[in-house]
Amino acid sequence: MAKREKIEKLILFLILLAIGLFMVFPMVWMMLSSLKTTEEILGGSLTLLPSDPQWSNFPKALEMAPFLRFVWNSFFTASVIVIVQLFLSSLLAYALTQMEFKGRNTLFMIVLSTYMLPAAATYVPSYVIISRLGLMDSLAGIIVSNLANVFTIFLLRQNFLKVPKELIEAARADGASEWTILWKIVAPMSKNALINASILSFVLNFNNYLWPSLITNSEENYLISVGLNRFFNTQGAFEQTFPLIMAATVISVLPLLIIYFVLQKYFISAVSSSSGLKG
Amino acid sequence: MFVLGIIELKNVSKSFDNKTNVIDDLNLTIESGEFVVLLGPSGSGKSTILRMIAGLEPITKGDLFIKGKRQNDVPAKDRDIAMVFQNYALYPHMTVFDNIAFGLKVRKVNKGKIEEKVEKVAEMLGLTSYLKRKPKDLSGGQQQRVALGRAIVRDTDIFLMDEPLSNLDAKLRTTMREELVQLHRELSATTIFVTHDQTEAMTMADKIVVINEGKVQQIGTPAEIYNYPANLFVAGFIGSPAMNLLPLQENRSGFAFAGQMIQTPGFTTQPDGLILGIRPEDCKISGKGYPVKITFIEDLGADQYIHGISGGRKVVIRESPDKRFRIGQHTFFTMNPEKISWFDKKTGKRLEPADEPFTGDELRVYHG
Amino acid sequence: MDKKANIWQLLFFVAIPLVPLLVFWIIPLFVSVWLSFTNWDYISPDYEYVGLSNYLNMLADEAFLQALGNTLLFAVGTVIPTIILGFIFAVMLSRLRRNVTFLQGLMFAPWITPMIGMSIVWSWMFDPRVGPVNQMLGFFGLPEPHWLTDSNFAIWAVIIVTVWKNTGWAMLFFSDALTKIPQSLFEVADIEGAGRWAKIRHILIPLVSPTTLFLFIILTLDALQAFDQINVLTQGGPSGSTRTLLYLYYELAFEQFNMGAATAVAVLILVISAILSFISMKISKKYVYY
């Protein structure tokens, strides 16, 4: 029985490995293509590996558009958004779980009801609001308009509820202010939830496209996805630039991919934790 | 005549890491219709034995026979045995009826037959009015009954129970104990019951198997285990308060305890140091005997347990409640010489007096 | 007992965090509904109330009906395979003891990549001449469609990319749900005589059903909002065959500046989403086992 089970598990592993490799194939193919010559690709042969890696494709792509600037914009806006989101969401989640005030449940229901609504439905009015605020075509506009994150509020609220009431009451008895209780007791005890919320929010904001593309139109304010898609739209028609487009895409995909493979465990637990939000 | 047991484990070993054996060279025969209790502290391997019989754990070495057929490679689903789990393992998404019927359904028993059987079992266990409920709407005791019902409905002749009563409160546990014994009598199915609770073992078992560190320590009826513990582990584990185990000093003329010479019988094997075992109820406070200083009195109403220090050792003595003692009192106690158990200090094994030859039928004591 | 908050605490802990939520979520949602009853064109300051005519025009518009049909096809075509594959992968993974995180890591990787970047990659992978997709199909002697330019296939290309990106995510949710099922339920099923299929059918599937429901709702909402991959791969074409409701909304609002008609579409998406999340909240209460 033990031997049969071992063989069965080996077969299962091999099947799953094949599936896993299939899932990362587009990324691998992208990286290999970014190192090929145009002729090599258009030759249409099945060779996967570049015969002579063209590392120069990367500096060439960087010459055509400021991709590093785009990556920095994405990184910068996503980081600021995550930090402010965590701060604001912690405050609200704390109020919703540890403070008593009139309309607390109503407020929670209102916040809850926006949880699953499509962001796209807000774009037209938000567009007007951003332009009235004078934040059109600026990183500040991207940051300000993405500060609200209902998901983070939820995740934190659910975890703040798990902090034993006795601890908070004991702290109050010791004379701690609500501010101190939040940052010295509740937040440290919900460290995992804060990390998970940051990871998920960072990925979404780093990769964000549609909304930033609507409110930015000068190159210096493009997020990576926006810059990449504009580059693709202007250059993509020419097969000659194909390796350069792949090189540019590698630049856009690689930062998160590297972070992901280093911090894989955290990413996976972040997503698993978000699955606990149902019901 | 040599009769094979319904369940037979021969030289069975189990290892999870291929280094240390959690079960080590176990031999056990269970006869048809017996109520056998596997008793041992947590981590002793008793549940592992049960799970190997059930087919939930592969057997690392040795053979398992059920009804004379080797079962090592037979998957759990084909062993045709029923099992009750400690946490009941009820399917949360199924009603009580479906929970009980599940085993019959997957065995493709026809619908009418299933209904008839489930209803009969439900009636037997007083579950008739709960058949449409989900497990989460039942009390712990009712859930326990559903788990039992699921086992009974299968009509198999082997029941395995893994600490089935330990999640119940004390009062319910006593009632369920009686009911289980009753049930066993009615169904006369072979039952293997795992527990760490010696009261459960003593009150329910036809045969107790005491297990510690993956080894059988003793197999016997509750009375045998209680009166003739096979080694120091069993002596210390069975009985509450435990048996007094008093190491004796050896000098030129014999053995002594608390400065008093002790009459020892001759033994079949020469002991290497001697430990005397005597239960609290076989000791008596007296004007003479071994000196004892009373340190604590535990009054249980029907009895009182006198805790004291004698010869540098803690001793416990059971006394009738009408006598008066006080803490700090210096007095003496005696032991009933017929009730003394002797153990080899080095091996921990029980020593048999040479002049009272071992009579197989009365004193069927196995050494583990 | 929670502490009764004073006015300053409320201002700080509640009012401030609510500002972005109000300004960029709640108010715009209401304004959208209001705009859908006007004919505002964004450029001119004037607008008129047109009543329900945006909605009535929409229902008579063939492009809208096509988009509605495309959205339905896209939603069904992405949600069902994503759930089924995610479940199968998770069940297969649950039988392994080692390398689980490694395999999960490979399968989940697409989810963290930017949809824009990977859609660009896929647009070349679908290239009929040099893309590996058709090279592979040709190798097995299968037909080699012009994925992105044939209106019969374009939506399937978009669906394939979306399923590819989301399956790992669904798999993680199912993996998490599977680990929460007590092992003893499977053991008791073993003893009861259930085979592998009986266990999957009678225990696994019913017990992960809350996760399935949750994924179904979330993935459907996600499908309603799909944009990046359509924008890169097909831009709604060819001949509108990949134009979903959201893409139509985008074109109406930010290419044609027909804000009234656009917000009417947005409100419809909003209503569908609201209904879906309402249903999910109602049903999920019934289904919680642990």
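The values are calculated or read from the model by the stated rules, or taken from the named source; none is laboratory data. All figures in this text were calculated on a predicted structure; none of them were measured in a lab. Neighbour counts are summed over all protein chains in view; Cβ atoms, including those assigned to glycine, are modelled from backbone coordinates with ideal geometry. Ligands, DNA and RNA are excluded from the accessible area calculation, which covers all protein heavy atoms including side chains. Shrake-Rupley method; radii C 1.70, N 1.55, O 1.52, S 1.80 Å.
Summary of computed values
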{"item": "So C:Phe254, is it aromatic (Phe, Trp, Tyr) and open to solvent by 10 Å² or more (accessible area, probe 1.4 Å)", "result": "yes"}
{"item": "Which listed residue, of A:Met109, A:Met23, A:Met99, is of a type in the set (A, V, I, L, M) and closer than 18 Å to A:Val253 by Cα", "result": "A:Met23"}
{"item": "Qualifying residue in the stretch A:210-226 (condition: within 10 Å of another protein chain (Cβ to nearest Cβ) and either in contact with an Asp or Glu (Cβ under 8 Å, 6 or more places away or on another chain) or surrounded by fewer than 18 Cβ atoms within 10 Å (Cβ to Cβ) (or both))", "result": "yes"}
{"item": "Any hit, the stretch B:172-188, residues being under 16 Å from C:Ile191 (Cα atoms), in contact with a helix residue (DSSP H, G or I) (Cβ under 9 Å, 6 or more places away or on another chain) and in contact (Cβ under 8 Å) with a residue 24 or more places away in the chain", "result": "no"}
{"item": "Close pairs (7 angstrom Cβ cut-off, 6 or more residues apart or separate chains): of a type in the set (Gly, Ala, Ser) in the stretch A:7-33, part of a helix (DSSP H, G or I) anywhere", "result": "A:Gly20/C:Leu103; A:Gly20/C:Leu106; A:Gly20/C:Met107; A:Ser33/A:Ile41; A:Ser33/A:Pro243; A:Ser33/A:Met246"}
{"item": "Filter result (among the hydroxyl-bearing types (Ser, Thr, Tyr), out of contact with any Phe, Trp or Tyr (no Cβ under 7 Å at 6 or more places or on another chain) and away from chain A (no Cβ under 12 Å)) within the stretch C:1-58", "result": "C:Ser44, C:Ser53, C:Tyr55"}
{"item": "Sole residue being free of Cβ contacts under 8 Å to residues at least 60 places away in the same chain, closer than 28 Å to A:Trp29 by Cα and open to solvent by 50 Å² or more (accessible area, probe 1.4 Å), chosen from A:Phe261, A:Phe232", "result": "A:Phe261"}
{"item": "C:Ala63 being open to solvent by 20 Å² or more (accessible area, probe 1.4 Å), assigned to a helix (DSSP H, G or I), under 26 Å from A:Tyr127 (Cβ atoms) and in contact (Cβ under 8 Å) with a residue 40 or more places away in the chain", "result": "yes"}
{"item": "B:Leu104 being modelled with pLDDT of 90 or more, open to solvent by less than 40 Å² (accessible area, probe 1.4 Å) and closer than 28 Å to B:Thr203 by Cβ", "result": "no"}
{"item": "Complete set of residues in the stretch A:242-258 that are open to solvent by 20 Å² or more (accessible area, probe 1.4 Å) and either in contact (Cβ under 8 Å) with a residue 24 or more places away in the chain or within 10 Å of chain C (Cβ to nearest Cβ) (or both)", "result": "A:Leu244, A:Ile251, A:Leu254, A:Pro255"}
{"item": "Residues within the stretch C:30-54 that are surrounded by fewer than 20 Cβ atoms within 10 Å (Cβ to Cβ) and touching a Ser or Thr at 6+ places or on another chain (Cβ under 7 Å), tallied", "result": "4"}
{"item": "Any hit, the stretch C:179-192, residues being within 11 Å of another protein chain (Cβ to nearest Cβ), within 24 Å of C:Phe108 (Cβ to Cβ) and not basic (Lys, Arg)", "result": "yes"}
{"item": "Condition check for C:Ala198: surrounded by fewer than 23 Cβ atoms within 10 Å (Cβ to Cβ), free of Cβ contacts under 8 Å to residues at least 12 places away in the same chain and in contact with a helix residue (DSSP H, G or I) (Cβ under 6 Å, 6 or more places away or on another chain)", "result": "yes"}
{"item": "Top-ranked residue of the stretch A:98-116 - restricted to ones that are open to solvent by less than 30 Å² (accessible area, probe 1.4 Å) and either β-branched (Val, Ile, Thr) or closer than 25 Å to C:Phe216 by Cβ (or both), ranked as nearest to the chain's Cα centre (by Cα)", "result": "A:Met116"}
{"item": "Hey, A:Ile19 out of contact with any His (no Cβ under 7 Å at 6 or more places or on another chain) and either at the interface with another protein chain (Cβ under 10 Å from one of its Cβ atoms) or over 28 Å from C:Thr82 (Cα atoms) (or both) or not", "result": "yes"}
{"item": "Every residue from the stretch A:235-279 that is modelled with pLDDT under 85 and either of a type in the set (Asp, Glu) or more than 25 Å from C:Thr101 (Cα to Cα) (or both)", "result": "A:Gln235, A:Gly236, A:Ala237, A:Phe238, A:Glu239, A:Gln240, A:Thr241, A:Phe242, A:Gly279"}
{"item": "Residue selected from the stretch B:102-123 under the condition within 19 Å of B:Gln142 (Cβ to Cβ) and of a type in the set (Asp, Glu), by the criterion nearest to the other protein chains (Cβ to nearest Cβ)", "result": "B:Glu119"}
{"item": "Pair list, Cβ < 6 Å and 6+ apart or interchain, from the stretch A:146-173 residues that are in a helix (DSSP H, G or I) to residues that are open to solvent by 60 Å² or more (accessible area, probe 1.4 Å) and of a type in the set (Lys, Arg)", "result": "none"}
